[in-house]
Each structure stands twice: as structure tokens, then as C-alpha cells.
Amino acid sequence: PAESSEHETPRRLVIVSNRLPYRFEGDGAGGFSFERSVGGLVTGLGPLHEEAGNLWIGWADAAEGLADEGRAALDGALAERACRAVFLDTKDAKRYYEGFSNSAVWPLFHGFPHLARFDKGEWEAYRRVNERFRDAVVAEARSGDVLWVQDYHLMLLPSLLREALPDARIGFFLHIPFPDYETFRMLPWRGEIVRGLLGADLIGFHAYDYVRHFLSSCRRIAGIENASGTLMADGRLVQADAFPLGIDYERYRDAARTPAVRRAAAEFAAEKGHEGCKVMLSVERLDYSKGIPDRLNAYDAFLDRHPEWAGRVVLVLVTVPSRENVGSYRALKKRIDELVGLINGKHSTMDWTPVDYYYRSLPFNQLAGLYVASDVMLVTPLRDGMNLVCKEYLACHDGDGGVLVLSEMAGASSELHEAITVNPFDLEGLVSAMEQALAMPADEQRRRNAPMQHRLARYTSRKWAREFLDAMDETKRRQEGLGAR
Ligand code: GDG
């Protein structure tokens, strides 16, 4: 009987994340231009947001400096796109985003504690911003809505919402790793974060390892035990579980077959003089978690040891600008610029440059064209919650070869074991992986890719969202069965 009306009238889904799924710019005359944002989160949730009736609430980061009138105009334009903006105080926004989120949580959760800064003022701004988000969500929420909070910027929001809307359906998904207890305990506000998350009914992670880490922190920090991921927090049943995010497989598979993408791939090879070269590709936000210098050092060592590959291989390195106001990102950019310069200076010949380097974001067709044109995809992060680039590459090579070299530190590696797996800290291992990838026979490439492609085609981002939302329904039923809220 509990099944009843739930499946007859779909509930409205309210997605809440740091950023909205659009970038926008004012034209100075009260109008705005919008462009879909780039990033893992939007790739995953975009298709769901586009379904009728759903809503996305996020920070209007480009709205600073807009007067009330401008904000009203922006609100109107966003409403047409099923979005609602949260406006933040400029100083708080900086301390919350560049500060606590990206200078404390991001480095710590990715296992770079030496890069983490724990600043009380930034923590307080993080709390205030989470409260601003609570106010924005409460102003929009209708009874029956599913409130789905996304990611590490908003870890206090589930419990803030729970206080304001005790009966709400609240889900939380973390897109980055949850670190082991020994790392997490370094955070001065670890108790507040754990309790903040426990305001949700369902807490999702990309991988079981992250679930285990979270549960162990609940036990050791808050004294809350669990049975198979079920916890009791303040007398309320909460479930933690793994939901590995997939991609919109058909979109990439089909894009790879369009004339525009085929043309982009062919032009790339011809114009850059890469004909006759094997292409190794890497694409990511410029981020220290992605292992870019380690990969470049390995490529340098590979070229040292394999002069026979001179003029026959090129590494296309696409780094997308990210968090440029955070010091550690600027330092990394400098280091990568230098390394690319060193490698090209050392190995180039008059008609061959070993690293083809881009520091910008590419339009979708060009990105897909690059995937198609590449013989080897190097995805070697030092730590990555999931990583979608490796999945997109395989989808663009549907039914075909192409070699994926994948870090065992990416969440995706637990699903993609037919790839060449590497420890990204092991220079020798990276060099051997490059050798193996460049020499792999075509039939072996296809044999390895087929089962991975099959899995990715089945477990799409839409399926991910559906499973998460079904698990929320299930959690609610169990709560009702217990007579708990
Ligand atoms: C976080 C977690 C997790 C990249 N460059 C361009 C471009 N992209 C698109 C890719 C892909 C997305 O951005 C990147 O997603 P990733 O998953 O690889 O990495 P993060 O941005 O770090 O995402 C990650 C993810 O959240 C989802 O939960 O997997 O672990 O760190 O879709 O295609 N798109 C275009 N031009 C580019 O230059 N158009």
C-alpha cells in the first residue's frame, strides 16, 4: 500500500548545487546570454533537469554588481530555464568558494592535506552561505518535492533544511571522494560536517570505499554505528550507499558519428601535422588532483627511452582553466607551462613537437573530435571521485578500438578494469603503460573495450539518477515502517 500515489504523479525534483547549469553574461541592456556549463556535475544531472517541471537552484556567481533591477531581469530569464539564483555577498562568496570549499575541503578530501588551509573566518562564511541556500530552497519548496543537494560546497545544507522542513525528502550526493577517517579527522569542523550530512534521508557516493570511509567517520566522530549503511541519527533512519555516476552514452556515441565531429577529427590531424603520428590525449580541468605533472614527467622519460617514437607520437594536453583565483592552481599552471616547455625544448625536431598544449575549454564538437582522433586516452589522476572523461572516450569509440590508460585512483577504475590500469605515482608504471598502449594490437583494443562499452551503455547518468531517487523512496518507506520521521 505504501507504493500508492508515488509512482502515479512524479514528484518535482529540486536540484541544489553550488553553480547553476548555465554560464551567463549581461549584455548591458538588461538582457543576458546563456551557455551550458562544462563539468561533471552538469553532464550527469543536465538531462534530468530538462525533464518537465523540475527546478535547479544555484549561486549566480556572475551576478555580482547587478543592482536590484538587473537581478529581477536575471531571475526572469533564469525562470524560463527552470533555474533559480541564489545571490551571495561578494566577500562571503569568496571565502566560501575559493576559501573553505576549494582551499580546505577539496585538497583534504583528495588526499592533499598539506595544501589545505583551515581558517575560521572561511568556515564561518561557508556556514552562512549554506544558510543562504537554505533560505532560497525553503522559499521555493512545495510539499512533496524531492530536494537533492549536490556536492562538497553544501555539506551543511541537509541538516539546515531538515530543521526548517522536518518532513522533506532530502537527498545528498558527494561528487568527490570521501577520505579515510585519519585524513578527515584533521578538519577542525569534522563533527559539524558529519552532522550536516546526516540531515539527509539518503547520502550517496560514487564508490563503496567512500561509503565505508564516511561510515567509519560517523562511528568515530559522532558515535553512530551502522548496519549495511543504515544509521539512526537523532532517531531518524538515514541510508548511505554507492551510486557510480555514468554518462549519457548515446549522446557521445552518436556525436562521434556525425559529420561535424568526423570533420573536426580529420581537420585536427591534418592541420596540426599529426598525420602519421599516434595521438595520446588527456583532457581535464587544470587541477593538482589530476596528476598532470606526473604524466608529463612520464612522457619525458618515455621519449628519452624510446627514440624510435620521435616524430611518431604526440601528446595532446587539454587543460581547462579552473579556480584561477586559488594560489595552488596558479602555481600548478606555472609548473605545467614550464614542463611542457622543457619537454618540447628537449625533444622537438624541425617538423615535430611532442606536446600539443591547450589551456582553454573546447566546444563540444571539438572535444568529441579529439576523442575520436586519439589512439590512446591517458586518464591518470592522483585522486578523482569518479572521472567522466574516460567514459566519454569509450562511448566515442563505441564498437571500436582506442586504448584507455586509467588511474586506479579514479572512482571509475572499479567499473573499467579492462583498461590498462596504472598507479599514477609510479613513474615506471606510467612509462610501461604508454609503451603497452602504443603497441596494443587492434583486436585486443576492441576485445578490451567491448565489455566496458556494454556496461557504460547500460548504466547511464539517467539510470544513476533514477536509482538514487528510487533508493530515496525506499528509505522513506523504511522510515515510515519504523514510525520514525
Ligand atoms: C567532478 C569530480 C566526477 C572537460 N573539458 C572540456 C569539457 N569537459 C567536460 C568533460 C566531462 C566534464 O567536463 C569533466 O568531468 P570529470 O568527471 O572528468 O571531472 P571533474 O570536473 O573534476 O568533476 C569527478 C564528476 O564531478 C561528476 O561527479 O566524475 O571525479 O572531480 O564531462 O567532457 N567539455 C567541453 N570542453 C572542454 O574543454 N565541452
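Name every residue in the range 398-418 that is over 19 Å from residue 292 (Cβ atoms) and surrounded by 16 or more Cβ atoms within 10 Å (Cβ to Cβ), in order of residue number.
Taking the range 398-418 first, the residues over 19 Å from residue 292 (Cβ atoms) are 398-403, 414-418.
Residues satisfying the conditions are 398, 401, 402, 403, 415, 416, 418.
May I ask you to list the residues in the range 372-394 that are of a type outside the set (S, T, N, Q), over 14 Å from residue 246 (Cβ atoms) and surrounded by 24 or more Cβ atoms within 10 Å (Cβ to Cβ)?
Result: 376, 377, 378, 379, 381, 384.
For the range 417-439, the criterion of being out of contact with any His (no Cβ under 9 Å at 6 or more places or on another chain), within 30 Å of residue 145 (Cα to Cα) and of a type outside the set (A, V, I, L, M) is met by no residue.
Taking the range 421-485 and the helices (runs of 4 or more DSSP H) fully enclosed by it, the elements with 1 or more residues that are over 30 Å from residue 315 (Cα atoms) and free of Cβ contacts under 8 Å to residues at least 60 places away in the same chain are at 442-458, 461-482.
Residues in the range 332-370 that are within 9 Å of the ligand (Cβ to nearest atom) and either assigned to a loop (DSSP other than H, G, I, E, B) or of a type in the set (Ser, Thr, Tyr) (or both) were compared, and the one that is nearest to the chain's Cα centre (by Cα) is 361.
Could you tell me which residue of the range 308-323 is surrounded by the fewest Cβ atoms within 10 Å (Cβ to Cβ), considering only residues that are away from the ligand (no atom under 16 Å from the Cβ) and of a type in the set (Gly, Ala, Ser)? By that ranking, first place goes to 310. Residues in the range 236-249 that are free of Cβ contacts under 8 Å to residues at least 40 places away in the same chain and either over 19 Å from residue 162 (Cβ atoms) or in a loop (DSSP other than H, G, I, E, B) (or both): 242 alone.
Of all residues in the range 219-234, at least one satisfies being away from the ligand (no atom under 16 Å from the Cβ), on the phi > 0 side of the Ramachandran plot, at pLDDT below 95 and not polar (S, T, N, Q).
Looking at the range 288-307, can you tell me whether even one residue there is of a type in the set (Val, Ile, Thr) and either surrounded by fewer than 23 Cβ atoms within 10 Å (Cβ to Cβ) or over 26 Å from residue 407 (Cβ atoms) (or both)? Among the residues of the range 288-307, not one is of a type in the set (Val, Ile, Thr) and either surrounded by fewer than 23 Cβ atoms within 10 Å (Cβ to Cβ) or over 26 Å from residue 407 (Cβ atoms) (or both), which makes the answer no. Does residue 19 satisfy the criteria of being closer than 30 Å to residue 249 by Cα and modelled with pLDDT of 90 or more? Yes.
The values are calculated or read from the model by the stated rules, or taken from the named source; none is laboratory data. Computed from a predicted model, the values in this text were never measured in an experiment. Positions of Cβ are generated from backbone atoms using ideal geometry, with glycine treated the same way; all protein chains shown enter the neighbour counts.
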